[in-house]
1. Between THR112 and ALA14, what is the FRET efficiency for a Förster distance of 41 Å, r being their Cβ-Cβ separation, to the nearest 0.05?
2. Measure up LYS74/LYS140; LYS98/LYS181; LYS44/LYS74; LYS98/LYS180; LYS86/LYS180; LYS116/LYS180 against 19 Å on the Cα-Cα distance and list the ones that go over.
3. Contact order normalised by length for the stretch 1-160, with contacts defined as Cα pairs under 8 Å and 6 or more residues apart; what percent is it?
4. So what does PHE80 come to for accessible area, using a 1.4 Å probe and Å² rounded to 10?
5. For VAL162 and ALA94, compute 0.36 nm times the residue count separating them, minus their Cα-Cα distance, and round to one decimal in nm.
6. Roughly what would the spin-label model give for LEU197 and ILE169, points 7 Å off Cα along C-beta, in nm?
7. Which of these, PHE16, PHE69, PHE121, has the largest mean-square fluctuation under a Gaussian network model of the chain (Cα springs below 10 Å)?
8. Label points 7 Å out from Cα along the Cβ direction at ARG66 and ILE87: separation in nm?
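The values are calculated or read from the model by the stated rules, or taken from the named source; none is laboratory data. All figures in this text were calculated on a predicted structure; none of them were measured in a lab. All Cβ positions, even for glycine, are placed from backbone atoms using ideal geometry, and neighbour counts span all protein chains on display. Heads up: the accessible areas ignore ligands, DNA and RNA and are worked out on the full protein's heavy atoms, side chains in. Shrake-Rupley method; radii C 1.70, N 1.55, O 1.52, S 1.80 Å.
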Amino acid sequence: MRQKDLVVFGVCVAAFGWLAFGPGALEGFISLTAQYPFGMSFLKFAILATLGECIALRITTGVYNRPGFGVLPKAVIWGFLGMGIKIAFTVYGAGTFKLLNEMGLLSGAPTTFGAKLLMSFSISVLINVLFAPVLMITHKLTDLHIAKTGGTLRSLCSKPDVASLFCSIDWNSMWSFVLKKTIPFFWIPAHTVTFMLPAHFQVVFAAALGIALGVILAFAGLRAKKA
């Protein structure tokens, strides 16, 4: 490990340690999330998912940042994607509950472990099959646009050539790794666990998954470029 790795690791441990054990820190975080759900979702993913991309870059190239990488525009894009994820969690959570009740698989709010597991697994399957592919492809398009504009904040103000960006996606990597492998083997189990947890633990766990999301998507793209 280099000195920068130790610094990054130390900051992450300190931040999560303070959140978990700091007097009133977790309660304050939960309160802010309840009061400003979309603002907190923006900040959470802007920081953590971008950190995930920086970690993926470090794994594949040996540095956390480089010219053209575009940390700031990536953070802004991840913030808005985080707000979309918050909307999806709300819509699919409520919709799946109504669906399972209409199908006769649930009778009212789930109270037993089996009913909660069914509910959590069902939300996870629906959100990852119907929403996650759109999110992942959208992220890839924005990532390519940021790279094409030199990683500057100008990328947020310039109009992307969506047709050209679609053609430049490595669809073999997108399908065979990002969609075909990570959704069934990582995201569906991970989000099943997420929805099984109490609400305040869901916030912390979702934050940790934000890092994993950035690492997985960025690593897939970077690996394809090196191939």
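1. For THR112 and ALA14, the calculated efficiency is 0.55.
2. LYS98/LYS181; LYS98/LYS180; LYS86/LYS180; LYS116/LYS180
3. 25 percent
4. Probe radius 1.4 Å; accessible area of PHE80 about 130 Å².
5. Between VAL162 and ALA94, full extension yields 21.2 nm more.
6. 2.9 nm
7. PHE16
8. Result for the modelled spin labels: 3.5 nm.
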